[in-house]
Structures are given as C-alpha cells and as structure tokens.
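Quick notes on the structure that follows.
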2 protein chains.
Amino acid sequence: MVDIDHRVGIKAPISKVYAALSTVEGVAGWWTKKTTGVSKSGGNIDVRFNSPSGKEIGGMNFEVMGLDPNKKVHWRFRLGPKEWIGTDVIFNLSQIGDYTIVLFSHKNWCEFVECTAHCSMKWATFMLSLKELVETGIGKPSPNDVKIDNWNWTSGASF
Amino acid sequence: MVDIDHRVGIKAPISKVYAALSTVEGVAGWWTKKTTGVSKSGGNIDVRFNSPSGKEIGGMNFEVMGLDPNKKVHWRFRLGPKEWIGTDVIFNLSQIGDYTIVLFSHKNWCEFVECTAHCSMKWATFMLSLKELVETGIGKPSPNDVKIDNWNWTSGASF
C-alpha cells in the first residue's frame, strides 16, 4: 500500500480548521467550488473539477466515514478515477501554540503510479489553499487552483 | 521503506530544467540561497537553511551520485537530520509537448515519521519554486521559501 502524507500548520483556532473540513461550504472554499452533498457520518459528497476553459475534467464521490469534532475527518472514495476507489483521506487535527496542525493522509493506494505523484503535489497545493482560506478568508479552490503540470489542462487529469 | 513522490510540469526546454537541478547556482535559485560545493558525480554539496530572522535552523550535505544530462539527477544525503541520512533524492526528466515533466522522489526513508509529512509538503513548495525559477527567472529559495507550519520558524525544522 502507498500513502500520501502532508503536514501543514494553520495560524487559527482548531474549530475554524475543522469547519473548513467538515462542511460542504468549507470544502468548496479550498478544494473545488463544485462541492455538493451531505457532510455527516454516512453521507456522500460529490466534487467536480473544471479546466480553466470550463470543461469538466474529472470528479469523485466520497462517503463521510467519520467526523470527530476538532479532531478528525475521514472520507472514503466510492466513485472517481479507478486508483482512488476504496482509498481513504484522513485529516487529523491538533493544536500546538498558535497553530492548528493538520496531518493529512491519502491512504491505501494499491500501488504507486505516476498519478500518485501528481496527486501528492496537487494535495499539497490544496493544503496551502486550506491554510489561506482559514487564515485570510480566501482559498484557491478549483477552477482557481494552482496548476502544477500538463495534466491540469486536459481530461487526463483526475483533479 | 517510505518514499515521497511529486510530479510537476514546467513549461520550458528540458535543458533549462536540468541546469537548475545539476548546478550549484541552479539549486541556489530554488532550494536555498546557501548552497555550496561541487556538482559533479562524486562531488558533495552543502545546503543551509535560515529562519526569517536569520538564525540557522538546519542543513544537509549530500553526494552527487549521478548526473545524466537532460534525463536524471541523483543525490544521496550523507549529513543532516538522522532520518535523512542514507536517503536518496532522484529527479527524472522527460519532455511531453511544451512541458518538461519532473518526477521527483525522496526515497528510502526507514519509516514514516511526522517529519516525513512536513518534508513532503515542503518538497512540494520547492518543486513549485523550481517551476517558477525556470519559467519566470525568480524562484523562492530559502530564506524566501513558503512557510508551511510552525516548524519553519524554529530550530526544530529540518528545512
């Protein structure tokens, strides 16, 4: 199994970071504007991604496996790129001084593929987007996301 | 063993990207201004990182294991944080249309530690810095690097 792991520190109360991860409005503020669904345990959330020209280039649907206020958010992907199906995304939160520390993990990839490396970079930019959203009020959700490579401009991109 | 893998696409000829990875001046333009040494196979390079206030917060020394022009750069860390010693950083380059694709890998961590997740985020920001350097002429090497968490402000940070 292959995991992607990132650590980011956000200068804000843990409750603000948790809100950005545990609500549809929050996720729409840092990941993709096209976020819909129900963010409660057992609920499903749909995320869609457009190219800068407005063409849909991909999307996923995940189940909310657990919401532990101010501590942990757990998603499991049910639909999307085949490499993503059955994988888990977990955000673990803790407070250290003025910072809320987010330990992000996208776990249980069957094997390493080039898409894993693309997704690792892309998740890093979205973690910076989460940090900006909570600290300044303005994130960089798709379609305003940071473009990292050629796959971000074509239908070959998973996100 | 645990690896960090990132994929980035740079809109520039492969020779420009290779130059930014295979010369001391290049590395100083995207990773840290305090880069010294000899970039040839068997040579050693030293990198030092300062906090925004100017205090040194860490550094590493690595051996250049291989330089394959316009294809691959391979480093092995000899001194630095204990988790880094013996690990390898490899940049594999290829051209796809207008893009030079960089497949970055920091390989052979003994085990996953919280520092791995910090370093994964930090390498992602440095890969964006490499992209900016080559595409615009101005990167974000330390001490102008993107700060991602509380460890970037104290002597606890490896980089």
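The values are calculated or read from the model by the stated rules, or taken from the named source; none is laboratory data. Just so it is clear, the model here is predicted, and its values are computed rather than measured. As a convention, Cβ positions derive from the backbone with ideal geometry for all residues, glycine included, and neighbour counts pool all protein chains shown. The area values use the complete protein model at the heavy-atom level, side chains included, leaving out ligands, DNA and RNA. Shrake-Rupley method; radii C 1.70, N 1.55, O 1.52, S 1.80 Å.
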| query | When residues of region A:1-31 are filtered for being within 26 Å of A:Ile85 (Cα to Cα), open to solvent by 10 Å² or more (accessible area, probe 1.4 Å), of a type outside the set (Gly, Ala, Ser) and away from every other protein chain (no Cβ under 14 Å), how many remain? | reply | 4
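Check every one of the strands (runs of 3 or more DSSP E) wholly within region A:72-159 and list those with 1 or more residues that are touching a residue at least 60 places away in the same chain (Cβ under 8 Å) and over 18 Å from A:Met60 (Cα atoms). I'd like the intermediate steps shown before the answer.
On the way: elements: A:72-79, A:88-96, A:99-109.
Correct list: A:88-96, A:99-109.
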| field | Enumeration of residues in region B:54-100 that are under 19 Å from B:Glu114 (Cα atoms), at pLDDT 95 or above and of a type in the set (D, E, K, R) | value | B:Asp88
| message | I'd like to check something: does region A:87-102 contain any residue that is away from every other protein chain (no Cβ under 11 Å) and closer than 18 Å to A:Lys11 by Cβ? | response | yes
| message | Let me spell it out: the conditions are (1) over 29 Å from B:Ser15 (Cβ atoms); (2) in contact with an Asp or Glu (Cβ under 9 Å, 6 or more places away or on another chain); (3) surrounded by fewer than 16 Cβ atoms within 10 Å (Cβ to Cβ), and B:Gly59 meets all of them except one. Which number is the exception? | response | (3)
| remark: When region A:120-153 is checked residue by residue, the ones that are among the acidic types (Asp, Glu), within 11 Å of A:Trp30 (Cβ to Cβ) and either surrounded by 22 or more Cβ atoms within 10 Å (Cβ to Cβ) or at pLDDT below 95 (or both) are A:Asp145
| Out of B:Gly80, B:Gly86, B:Gly97, which single residue is closer than 22 Å to B:Val24 by Cβ and not β-branched (Val, Ile, Thr)? | B:Gly80
| Matching residues in region B:108-119 - criterion: being within 7 Å of chain A (Cβ to nearest Cβ), open to solvent by less than 10 Å² (accessible area, probe 1.4 Å) and over 13 Å from B:Val146 (Cα atoms) | B:Thr116, B:Ala117
